[in-house]
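Following: one structure in structure tokens, then a few remarks.
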Amino acid sequence: MSIQPFDDRDGFIWLNGELKEWRNSKLHVLTHALHYGSAVFEGERVYNKKVYKLNEHTDRLFFSAKELDIKIPFTKEEINDATYLAISANSIKDGYVRPIVWRGSDMMGVSGTGTKANVAIAVWPWPSYFSPESKMNGIKLDISRWKRPSPDTAPVFAKAAGLYMICTLSHHDAQNKGLDDSLLLDWRGRVAEATGANIFFTINGEIHTPVPDCFLDGITRRTVIGLAKDKGYKVIERVILPEEMADADECFLTGTAAEVTPVGSIGNYNFTPGEITKSLIRAYDIEVGKLIDN
Ligand code: PMP
């Protein structure tokens, strides 16, 4: 089944203050962000017409822009209103939101001085399936040859477009091996995160997750830690070395897109998705409003 190209769809994209026809929402080839990676973005989910944790995502968008020395020419309230404008203009009930901020084509050169900041918000349908039991087999992860960079080599806490270059390459390697995604270690060789999601392990009934000191402390990660604690699980944020994965019983990823996704293997390490993962999938489904608590 071929996917309809993303530049050839019906609907509207909010671009710099107004709704524009989807197909006419274009950039020039001499756009600073395209050449020098001066772009930051967000990934949000719409569940039943409501954006889950919109304020947190908008806060992070502004934080990321500041990290890249870009001033967003709108207020947070204007961005939130624009998000809902795009959602209603496209009649989205369950969907994905992609806000992006980038330096434009006003000037070319490594220095971005003289370029204007642009903002777009696109929304497209993303059905909200109930997490099926089949998901409990777990996805298969590669261990990437790429490492998450140290905080003094890149703005690692920003959701910046340039940081995804190594994620794309890791994903390609995984796909070529018939795997679903990839685990990146950090520059010290510690377990960090997957290409677009945070990682958790369970060991003897306790939940362990790496300290986010050189990668995104995901909004879903924080939510799931809270849900796990509410359920009475002990959650330990600590340095995790790759060889410790041999001790783990369960493993799962968390992210806006991934939600709570069980992992069956990482390289030669195998896990058996079980009760803890299942209970957190359910808790998250209730939290985002997919499931009614009963
Ligand atoms: N790490 C990376 C690299 C990501 O792209 C994402 C998705 N935004 C996450 C972690 C998870 O973040 P969140 O839970 O805020 O979506």
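A short reminder: the numbers here are calculations on the coordinates, not readings from a lab. What you see is a predicted model, and the numbers here were worked out from it, not measured in a lab. For neighbour counting, all protein chains shown are included, and Cβ atoms are generated from backbone atoms with ideal geometry for every residue, glycine included.
Okay, here's what the table says:
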{"item": "Region 180-250, relative contact order [Cα under 8 Å, separation at least 6], %", "result": "36 percent"}
{"item": "Proximal aspartates and glutamates relative to residue 49, as straight alpha-carbon distance under 13 Å, when same-chain residues fewer than 8 apart are discounted", "result": "94"}
{"item": "Region 9-17 - phi-based ³J(HN,Hα) in whole Hz, Karplus 6.51/-1.76/1.60, Gly and Pro as x", "result": "10, 6, x, 9, 10, 7, 9, 6, x"}
{"item": "For the chain, share of DSSP beta bridges that run antiparallel, in % to the nearest 5", "result": "75 percent"}
{"item": "Net charge dipole size for the chain [Lys, Arg +1 and Asp, Glu -1 on Cβ; Debye, nearest 20]", "result": "400 debye"}
{"item": "Assigned charges on the beta-carbon of Lys, Arg, Asp, Glu; region 202-294 dipole about Cα centre (debye)", "result": "240 debye"}
{"item": "DSSP H segments from the chain that extend 27 Å or more along their own axis, Cα-based, with Kyte-Doolittle mean of 0.0 or above", "result": "none"}
{"item": "Cβ-defined net charge surrounding residue 239, 13 Å radius [Lys, Arg +1; Asp, Glu -1]", "result": "-2"}
{"item": "Relative contact order computed over the chain (Cα-Cα under 8 Å; 6+ residues apart), in percent", "result": "17 percent"}
{"item": "Computed lengthening from residue 136 to residue 247, 0.36 nm per intervening residue step minus Cα-Cα distance", "result": "38.0 nm"}
{"item": "Mean separation of Cα contacts under 8 Å (6+ apart) over length of region 101-194, as relative contact order %", "result": "25 percent"}
{"item": "Residue list for region 12-44, given a label point 7 angstrom along the Cα-to-Cβ vector of residue 154 and an amide N cut-off under 17 Å", "result": "33-42"}
{"item": "For the chain, convex hull of alpha carbons as volume per residue, Å³", "result": "142 Å³"}
{"item": "Computed lengthening from residue 63 to residue 48, 0.36 nm per intervening residue step minus Cα-Cα distance", "result": "2.7 nm"}
{"item": "Net charge of Cβ neighbours under 13 Å - reference residue 21; Lys, Arg +1; Asp, Glu -1", "result": "0"}
{"item": "Lys, Arg +1 and Asp, Glu -1 on Cβ, resulting dipole of region 1-159 about Cα centre, debye, nearest 20", "result": "360 debye"}
{"item": "Total formal charge among the other residues, if their Cβ is under 12 angstrom from that of residue 4, Lys/Arg +1 and Asp/Glu -1", "result": "-1"}
{"item": "Set of lysines with alpha-carbon distance to residue 278 below 24 Å, sequence-local pairs under 8 removed", "result": "53, 135, 140, 229, 231, 234, 290"}
{"item": "Structure-based [θ]222 nm, the chain - -39500 (n - 2.57) summed over DSSP H runs of at least 4, per residue, nearest 500", "result": "-7500 deg cm²/dmol"}
